[in-house]
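See below for the structure under consideration.
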Amino acid sequence: MKLTARSVSRVALAATVVAATTGGVAFLVTAPASGAASTLAAAAQQSGRYFGTAVAAGRLGDSTYVNILNREFDMVTAENEMKMDATEPNQNQFSYGSGDRILNQARNQGKRVRGHALAWHAQQPGWMQRMEGSSLRQAMLNHVTQVATYYRGKIYAWDVVNEAFADGSSGARRDSNLQRSGNDWIEAAFRAARAADPGAKLCYNDYNTDDWTHAKTQGVYRMVQDFKSRGVPIDCVGLQSHFNSQSPVPSNYQTTLQNFANLGVDVQITELDIEGSGSAQADNFRRVTEACLAVARCTGITVWGIRDTDSWRAYGTPLLFDGSGNKKAAYNSTLNALNAASPTDTTTTTTTTTTTTTTTSQDPGPGGCTATASLNTWNGGFVASIRVTAGSSALNGWSVSLTLPSGTTVTNQWSANRSGNSGPVTFTNVDYNGSVAPGRSVEFGFQATGSATGLSPTCAAR
């Protein structure tokens, strides 16, 4: 979610550990030694979770707003400032000022940041709304790569793809310009995000996926199951969890969280708000919080706004603080539920990822191309992101060849066709990235087991 002015039709919609990791360094957050925690973040940290909120850059001058933010929350999501229309208002002209303002405010206060969202059918800039097919696919992948690379190492988790499934009984993908670019567009976005920001958790995020029996929930589940079975990089599923009287907290909510977790991904409640007031609203917030606490891989909760008046559904008073910044009954029930959870050891150990870049020395010349490789390596394997750049003439197709060290094997690739999986390997363009304007670039990538030592790609026009 979303814009503060949301369509009326949507009104009726229904750290596995606390340690923050950046660049392989673990930060230990300790809970109070005795007694109940007095803030949402501190209470969540006791069980190794976070408690976050959505933040608007335009409200950072409001002292009441900022004081609550600084005191109560340890995870921050930008409401709109990191979405596609905000970060790439004109094609290949990126704007990060508002997103940076939120990110810097959060990090200066020791908070982590969820990135929202890299690819979405809504809130696309006007230039992208007019695109279709291979041009749109290339533009989408470029957007994912550029934005995730810009924020590389600073984001805890990315909502890589947002709201790609249709409402109703079909359980199918939503018809959108992105979906019409090819059914593998979500997979391609996740692979591009992994290559661009390998340290961030990569999440799929959607609404109306809270009830385990709903077709939409099952559709998302099948996609995640498929991705996990094929090694597509997905680390978490976000449930937006917007509730009201027409779409109440389902009785099987915990079952939904647990079933996604059983696939080997984290689950995160990403945009929680519950319309209502008094004891009924308080009880619903308690139920949602306790459901998350009962699922080991439910790593945190984010409410979509701070005060009721900050909400995109302000008329429903759906948050934990009233318009004056006072704590509501829902705040107290949530805090009490967090404090009642069993404490966990919040120490974590992370593995450092090494990033290097190898650049070819070839002169592309007219009609030629160059290839550069950015490597993200670990003990036993690596991901390579290959950038193909056209020379002084446009490319109508390209191929990239390289020789892998003995014992190294390609396990999968994205945005390219492949011949061979060990020794000499050749990658060629797919239908949506073969045309490259003079001096411009496209990217593809692959994952491999073994060593990347001496990897030196060469590019040729087709």
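The values are calculated or read from the model by the stated rules, or taken from the named source; none is laboratory data. Computed from a predicted structure; not experimentally measured. Cβ atoms come from the backbone with ideal geometry, glycine included; neighbour counts cover every protein chain shown. These accessible areas exclude ligands, DNA and RNA; they are computed on the full protein's heavy atoms, side chains included. Shrake-Rupley method; radii C 1.70, N 1.55, O 1.52, S 1.80 Å.
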Is it the case that E275 is acidic (D, E), touching a Phe, Trp or Tyr at 6+ places or on another chain (Cβ under 6 Å) and crowded, with 19+ Cβ neighbours inside 10 Å? no
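Here is a yes/no grid of residues against (1) over 22 Å from V265 (Cβ atoms); (2) part of a loop (DSSP other than H, G, I, E, B); (3) under 15 Å from the mean Cα position of the chain (by Cα):
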| position | (1), (2), (3) |
| --- | --- |
| M131 | yes, yes, no |
| S135 | yes, no, no |
| Q138 | yes, no, no |
| L141 | yes, no, yes |
| V144 | no, no, yes |
| V147 | yes, no, yes |
| D159 | no, no, yes |
Scanning the stretch 73-97 for residues that are assigned to a loop (DSSP other than H, G, I, E, B), open to solvent by less than 20 Å² (accessible area, probe 1.4 Å) and over 26 Å from A41 (Cα atoms) gives E88
Can you spot a residue in the stretch 369-389 that is part of a loop (DSSP other than H, G, I, E, B), at pLDDT 75 or above and either among the β-branched types (V, I, T) or crowded, with 21+ Cβ neighbours inside 10 Å (or both)? no
Residue that is most open to solvent (accessible area, probe 1.4 Å) [pool: residues in the stretch 47-71 that are over 23 Å from the mean Cα position of the chain (by Cα) and of a type in the set (D, E, K, R)]: R71
When the stretch 128-146 is checked residue by residue, the ones that are within 11 Å of N92 (Cα to Cα) and either open to solvent by 30 Å² or more (accessible area, probe 1.4 Å) or of a type in the set (V, I, T) (or both) are N142, Q146
Any residue at all in the stretch 398-419 that is modelled with pLDDT under 90, of a type in the set (S, T, Y), over 16 Å from T370 (Cβ atoms) and part of a loop (DSSP other than H, G, I, E, B)? yes
Is the stretch 150-162 home to any residue that is under 23 Å from N90 (Cα atoms), among the acidic types (D, E) and surrounded by 21 or more Cβ atoms within 10 Å (Cβ to Cβ)? yes
Only one of A42, A106, A119 is in contact with a helix residue (DSSP H, G or I) (Cβ under 8 Å, 6 or more places away or on another chain), buried (at least 21 other Cβ atoms within 10 Å of the Cβ) and not in a loop (DSSP other than H, G, I, E, B), namely A119
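Here is a yes/no grid of residues against (1) surrounded by 21 or more Cβ atoms within 10 Å (Cβ to Cβ); (2) modelled with pLDDT of 95 or more; (3) closer than 17 Å to M140 by Cβ:
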site	(1), (2), (3)
R180	no, yes, yes
K201	yes, yes, no
Y221	no, yes, no
V237	yes, yes, no
N244	no, yes, no
Which residue out of N205, N252 is over 23 Å from A448 (Cα atoms), crowded, with 20+ Cβ neighbours inside 10 Å and not hydroxyl-bearing (S, T, Y)? N205
Please verify whether D100 is charged (D, E, K, R), under 23 Å from V237 (Cβ atoms) and open to solvent by 10 Å² or more (accessible area, probe 1.4 Å), treating the condition exactly as stated. no
Over 19 Å from A37 (Cα atoms) and either modelled with pLDDT under 95 or open to solvent by 10 Å² or more (accessible area, probe 1.4 Å) (or both) - does that describe any residue in the stretch 324-335? yes
Picked from the stretch 420-450 (must be modelled with pLDDT of 90 or more and among the hydroxyl-bearing types (S, T, Y)), the residue nearest to M140 (Cα to Cα) is T428
